[in-house]
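To keep things clear, I will list the structure first and then write my remarks on it.
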Protein chains: 2
Amino acid sequence: MLFFTPHLLIKLKTMTSPVSITPAFSGPDGLITAVAQDAATGAVLMVAHMNREAWDETLASGRVVYFSRARKRLWRKGEESGNVQNVKAVFVDCDADTVLLKVEQIGGAACHEGYPTCFFRQVTPDGVKVVAERVFNPQEVYKKG
Amino acid sequence: MLFFTPHLLIKLKTMTSPVSITPAFSGPDGLITAVAQDAATGAVLMVAHMNREAWDETLASGRVVYFSRARKRLWRKGEESGNVQNVKAVFVDCDADTVLLKVEQIGGAACHEGYPTCFFRQVTPDGVKVVAERVFNPQEVYKKG
């Protein structure tokens, strides 16, 4: 699905005098923060980062692409597990350094540990508790070799 | 409200062999990322950061405290506007470098620009559109002098 044609200078059409905004890739590492939220359930799935190339490809392809800080390369979410994220809606925050992506999470699990969300542990007065059920076994999905 | 007594070494009680986890304040800047989500509506309100002191005070007081990277000090959310965030639930992600806070947003607006959420601009094929209504006028709330 072509979400829309890639372009980074976007006109803020609803303001009196249109202005162009671009997510602020101007930070020291050239990255913005991206929050993925399940478009259907509202669950916050994960938080990761994007460089300009990842943002561009995400908008052009309609599939979420992050920039992996650990691997220092584009990370096409689901490239290994198949659990891709289809873009349903994109929002930019007031400072333009964070974006919110409403997505359709294929496979029902965003977390590499096999849970629907990366936020599967709740901090409670009695300690930290796992509050989600595993959808897949990471050892089966991420096979080595 | 005392959300719970402050302690940072939390036992992950539901795993076979209990482990202690602490959000990873070990990064270069000693900060973790914090996502605030409206506990009632599921709306993602904002993304900010916490140092260990902010995290500690948030858990102890039941009100969200961030660390402002711009001002380099604790930022008790709502300290100026009155729009505090009461903690309803706290989650830690798989890497323990991001936390999700489900909150009651007092005043109905998390954004310093007066909108319910900082993600009030949607990126669409036709450009960026403001998709929320202002709850307050920033010029009235943040008076100078």
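Inspect all residues belonging to the stretch B:130-141 and state whether any of them is of a type in the set (Gly, Ala, Ser), surrounded by fewer than 21 Cβ atoms within 10 Å (Cβ to Cβ), out of contact with any helix residue (DSSP H, G or I) (no Cβ under 7 Å at 6 or more places or on another chain) and at the interface with another protein chain (Cβ under 8 Å from one of its Cβ atoms). No, the conditions are met nowhere in the stretch B:130-141.
B:LEU100 falls short on exactly one of the conditions (1) at the interface with another protein chain (Cβ under 9 Å from one of its Cβ atoms); (2) within 25 Å of B:GLN139 (Cβ to Cβ), and that condition is (2).
Only residues that are crowded, with 20+ Cβ neighbours inside 10 Å and farther than 19 Å from A:ILE106 by Cα were counted in the stretch A:60-80, giving 1. When B:ALA89, B:ALA110, B:ALA70, B:ALA96 are screened for being over 16 Å from B:ARG52 (Cα atoms), in contact with a Pro (Cβ under 7 Å, 6 or more places away or on another chain) and of a type outside the set (S, T, N, Q), only B:ALA110 passes. Against the condition out of contact with any strand residue (DSSP E or B) (no Cβ under 7 Å at 6 or more places or on another chain) and modelled with pLDDT under 95, how does B:TYR115 come out, does it pass? No: the conditions fail for B:TYR115. Condition first: under 27 Å from A:ARG69 (Cα atoms), in contact with a Ser or Thr (Cβ under 9 Å, 6 or more places away or on another chain) and crowded, with 17+ Cβ neighbours inside 10 Å. Now tell me which residues in the stretch B:97-120 satisfy that. Result: B:THR98, B:VAL99, B:LEU100, B:LEU101, B:CYS118, B:PHE119.
Applying the selection to the stretch B:93-110, what residues are in contact (Cβ under 8 Å) with a residue 12 or more places away in the chain and under 26 Å from A:THR58 (Cα atoms)? Explain how you work it out, then say what you get.
Narrowing the stretch B:93-110 to residues in contact (Cβ under 8 Å) with a residue 12 or more places away in the chain: B:95-110.
Result: B:ASP95, B:ALA96, B:ASP97, B:THR98, B:VAL99, B:LEU100.
For every residue, the table says whether it meets (1) under 18 Å from B:GLY27 (Cβ atoms); (2) of a type in the set (Asp, Glu); (3) under 16 Å from the mean Cα position of the chain (by Cα).
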site	(1), (2), (3)
B:MET50	yes, no, yes
B:GLY114	no, no, no
B:CYS118	no, no, yes
B:VAL130	no, no, no
B:TYR142	no, no, no
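With respect to A:HIS7, determine if the residue is at pLDDT below 95, farther than 26 Å from B:GLU133 by Cα and not small (Gly, Ala, Ser). Spelling it out, A:HIS7 is indeed at pLDDT below 95, farther than 26 Å from B:GLU133 by Cα and not small (Gly, Ala, Ser). Considering only residues that are facing another protein chain (nearest Cβ under 9 Å) and surrounded by fewer than 24 Cβ atoms within 10 Å (Cβ to Cβ), look in the stretch A:33-43 and name the one that is farthest from the chain's Cα centre (by Cα). Checked the stretch A:33-43; the qualifying residue farthest from the chain's Cα centre (by Cα) is A:THR41.
Within the stretch B:110-139, the set of residues being among the charged types (D, E, K, R) and either in contact with a Gly (Cβ under 9 Å, 6 or more places away or on another chain) or within 23 Å of A:LEU45 (Cα to Cα) (or both) comprises B:ARG121, B:ARG134. Note on the stretch A:63-81: residues that are at positive phi and of a type in the set (Phe, Trp, Tyr) amount to 0.
The values are calculated or read from the model by the stated rules, or taken from the named source; none is laboratory data. Predicted model, so just to flag it, every value in this text is computed and none were measured. Note that we place each Cβ from the backbone using ideal geometry, even for glycine, and neighbour counts take in every protein chain shown.
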